[in-house]
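Trainee: Let me give you the structure first, and then I'll get to my questions.
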Amino acid sequence: MRILDLATLLVCVTATLAFVNARYLRLPASIGVTVGGLVVSLLMFLLVELNVPFAVDAVTIVRGIDFDDFVFEGVLSFLLFAGALGVNSHALWSLRGPVVSFALLSTALSIGLVGLSVYGLLGLFGLSIPLVYCLLFGALISPTDPVAVLGMLKQAKVPKRIETLVAGESLFNDGVGVVAFAVLAGIAAAAGGAHGPDLSATGVLTFFAQEALGGLVLGGVLGLLAYLALRSVHDFVVEVLVTLGLVLACTAVATHLHVSAPLAAVAAGLLVGSLTDRRPAALSSREKFDSFWHLTDELLNIFLFTLLALEVVVVRFSTQALLLGVIAIPLVLLIRAVSVQVPVLLLRTRHEFSPFTRRLMIWGGLRGAISVALAFTVPAGPARDLFLVMTYVIVVFSILVQGLTVGRLAAKAGQADAATSLN
């Protein structure tokens, strides 16, 4: 599929869905676009069953989209960079212990518990899927989607400390989850006889360190070079071009060096944001700079959720897979609660977590298009088709149900924080 065709399809569909949502539904942009896209997808299913030529051609076009490349080599780095720019780096540094603990420990716990639980669940249904593939499912569904979470935080007026904690955890656990997925995918490939990474404990740890630490170092180095360039000019257009080039460089160089592009984008965004905060004169207009990246974030966010809605036409559904997806929804939520509570118990002697902080992290841990894109990269076979459907069911529930109700929980968290401050 040509780039022009893909761009035309995405922009036209997104514009139509965004207009309908703004004019009639009046839901948050990402949720409204997802709802509208699902309706369009179901209509396309019906028209395809009726063998309508236009619908058949449209589905063929959508099937030609390489979703995972578009997400991971296209929009994800820009979204993470824009999100990191908006995070208060000083507040994040003060919460570095909890953020790292949640990003590493919670994600690892969730991957293991989800993998083992799904392995047992599939066994009850008579499905024989290797454990490593179930752990692969745990890796793709465990990280909260920073696109969805950051969008929710911008709309909900949560206390700054909670916002920083949730945003920081979401930014970093996404990178950790993608790295864990790459490790498990390599192990699955090696178990199937294909070439994969060293399966020894040392080999796996080395691979993980190369991806994670390498991504952070790369983002830091490129971010520092970009800041030095920003400081030496005083032209808004050049500043925008420098930061656009920075994000693209993080993605391209990370791919060639086999390090984590998402973590490189996060590190670069945090560094540029922190240094320009300390020296506002480095930018010709901080307000215009922030407005540009806010607009870019909003547009790509909506494009990503349009793509998520369109993906349904390439998913082959079955009654059993749908049922397993529905059963997995409370299972994943319960495991999310456990994986959040464990670090809270370990850190409570040095850090105080209000009940609303934990509730917001659990219910606000939205899953999005990134999980679906990872599911498309699962090796072809019965596990891939099954996990695609299960992932899609969980993601739709997360966006529509959790996304529409988390605002009220955030409002209660704000009220509780205000009452505590008065007392």
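The values are calculated or read from the model by the stated rules, or taken from the named source; none is laboratory data. Keep in mind that what you see is a predicted model, and the values were worked out from it rather than measured. Note: ideal-geometry Cβ built from the backbone for every residue, glycine included; neighbour counts use all protein chains shown. For the accessible areas, the whole protein counts, side chains as well, though only heavy atoms, and no ligand, DNA or RNA atoms are used. Shrake-Rupley method; radii C 1.70, N 1.55, O 1.52, S 1.80 Å.
Trainee: Any chance the stretch 196-209 includes a residue that's at pLDDT 80 or above, part of a helix (DSSP H, G or I) and touching a Leu at 6+ places or on another chain (Cβ under 7 Å)? Let's see the steps before the verdict.
Mentor: Let us first name the residues in the stretch 196-209 that are at pLDDT 80 or above, namely 206, 209.
Of the ones still in play, those that are also part of a helix (DSSP H, G or I) are 206, 209.
Those still in the list that are touching a Leu at 6+ places or on another chain (Cβ under 7 Å) too: none.
For the stretch 196-209, residues at pLDDT 80 or above, part of a helix (DSSP H, G or I) and touching a Leu at 6+ places or on another chain (Cβ under 7 Å): absent.
Trainee: Here is a further query. All but one of (1) closer than 25 Å to S94 by Cβ; (2) buried (at least 24 other Cβ atoms within 10 Å of the Cβ) hold for L304, so report the exception by its number.
Mentor: (1)
Trainee: Being without any contact (Cβ under 8 Å) to a residue 24 or more places away in the chain and farther than 29 Å from V178 by Cα is the filter here, so list the residues in the stretch 30-41 that pass it. Steps first, please.
Mentor: First, pick out the residues of the stretch 30-41 that are without any contact (Cβ under 8 Å) to a residue 24 or more places away in the chain: 32, 39.
If the condition is that a residue be without any contact (Cβ under 8 Å) to a residue 24 or more places away in the chain and farther than 29 Å from V178 by Cα, then V39 is the only one that fits.
Trainee: If I filter the stretch 344-372 down to residues being in contact (Cβ under 8 Å) with a residue 24 or more places away in the chain and among the charged types (D, E, K, R), which single residue comes out as least open to solvent (accessible area, probe 1.4 Å)?
Mentor: Ranking the qualifying residues of the stretch 344-372, first place goes to R367.
Trainee: Quick one: which residue in A249, A281, A265 is touching a Cys at 6+ places or on another chain (Cβ under 7 Å) and part of a helix (DSSP H, G or I)? So that I can check it myself, show each step before the final result.
Mentor: Working: A249 fails: touching a Cys at 6+ places or on another chain (Cβ under 7 Å); A281 fails: touching a Cys at 6+ places or on another chain (Cβ under 7 Å).
Just one listed residue meets the conditions, A265.
Trainee: All but one of (1) modelled with pLDDT of 85 or more; (2) surrounded by fewer than 17 Cβ atoms within 10 Å (Cβ to Cβ) hold for G193, so report the exception by its number.
Mentor: (1)
Trainee: Could you please find all residues in the stretch 10-33 being exposed (fewer than 12 other Cβ atoms within 10 Å of the Cβ) and not in a loop (DSSP other than H, G, I, E, B)? Spell out how you get there, then give the answer.
Mentor: Start the filter on the stretch 10-33 by keeping residues that are exposed (fewer than 12 other Cβ atoms within 10 Å of the Cβ), which leaves 12, 19, 23-24, 26.
C12, F19, R23, Y24, listed by residue number.
Trainee: Somewhere in the stretch 386-400, is a residue out of contact with any Asp or Glu (no Cβ under 6 Å at 6 or more places or on another chain), crowded, with 23+ Cβ neighbours inside 10 Å and more than 15 Å from A328 (Cβ to Cβ)?
Mentor: Checked the stretch 386-400: at least one residue is out of contact with any Asp or Glu (no Cβ under 6 Å at 6 or more places or on another chain), crowded, with 23+ Cβ neighbours inside 10 Å and more than 15 Å from A328 (Cβ to Cβ).
Trainee: Also: Name, by its number, the condition in (1) of a type outside the set (F, W, Y); (2) more than 18 Å from L113 (Cα to Cα); (3) modelled with pLDDT of 80 or more; (4) open to solvent by less than 20 Å² (accessible area, probe 1.4 Å) that does not hold for A410.
Mentor: (3)
Trainee: Which condition from (1) open to solvent by 70 Å² or more (accessible area, probe 1.4 Å); (2) free of Cβ contacts under 8 Å to residues at least 24 places away in the same chain; (3) not β-branched (V, I, T) is the one that Q341 breaks?
Mentor: Unmet for Q341, out of (1) open to solvent by 70 Å² or more (accessible area, probe 1.4 Å); (2) free of Cβ contacts under 8 Å to residues at least 24 places away in the same chain; (3) not β-branched (V, I, T): (1).
Trainee: Could you please find all residues in the stretch 7-26 being in contact with a helix residue (DSSP H, G or I) (Cβ under 7 Å, 6 or more places away or on another chain) and modelled with pLDDT of 80 or more?
Mentor: If we filter the stretch 7-26 for residues that are in contact with a helix residue (DSSP H, G or I) (Cβ under 7 Å, 6 or more places away or on another chain), which is where we start, we get 9-10, 13-14, 17-18, 20-21, 25.
Result: V13, T14, L17, A18, V20, N21, L25.
Trainee: List the residue pairs whose Cβ atoms are under 7 Å apart, where the first residue sits in the stretch 286-299 and is on the phi < 0 side of the Ramachandran plot and open to solvent by 90 Å² or more (accessible area, probe 1.4 Å), the second is of a type outside the set (D, E) and at pLDDT 90 or above, and the two are 6 or more positions apart or on different chains.
Mentor: K288/F236
Trainee: May I pose another question? Is there a residue in the stretch 316-324 that is open to solvent by less than 60 Å² (accessible area, probe 1.4 Å), closer than 28 Å to S94 by Cα, modelled with pLDDT of 85 or more and more than 19 Å from the chain's Cα centre (by Cα)?
Mentor: Narrowing the stretch 316-324 to residues open to solvent by less than 60 Å² (accessible area, probe 1.4 Å): 318, 321, 324.
From the residues that got through so far, the ones that are closer than 28 Å to S94 by Cα too are none.
No.
Trainee: While we're looking at this one, here's another question. If a residue counts only when it is in contact (Cβ under 8 Å) with a residue 12 or more places away in the chain and surrounded by fewer than 21 Cβ atoms within 10 Å (Cβ to Cβ), which helices (runs of 4 or more DSSP H) contained entirely in the stretch 55-126 have at least 1 such residues?
Mentor: Details: elements: 67-70, 76-85, 89-94, 96-101, 107-124.
Result: 67-70, 89-94, 96-101, 107-124.
Trainee: What about G36, is it modelled with pLDDT under 75 and part of a helix (DSSP H, G or I)? First the steps, then the outcome.
Mentor: Working: modelled with pLDDT under 75: no; part of a helix (DSSP H, G or I): yes.
The answer is no for G36.
Trainee: Is there any pair with a first residue in the stretch 247-265 that is farther than 19 Å from L374 by Cβ and a second that is hydrophobic (A, V, I, L, M, F, W, C) and open to solvent by 20 Å² or more (accessible area, probe 1.4 Å) whose Cβ atoms are under 6 Å apart and which are 6 or more apart or on different chains, and what are they?
Mentor: Note: pairs meeting the criteria are V247/F78; A249/L222; C250/L222.
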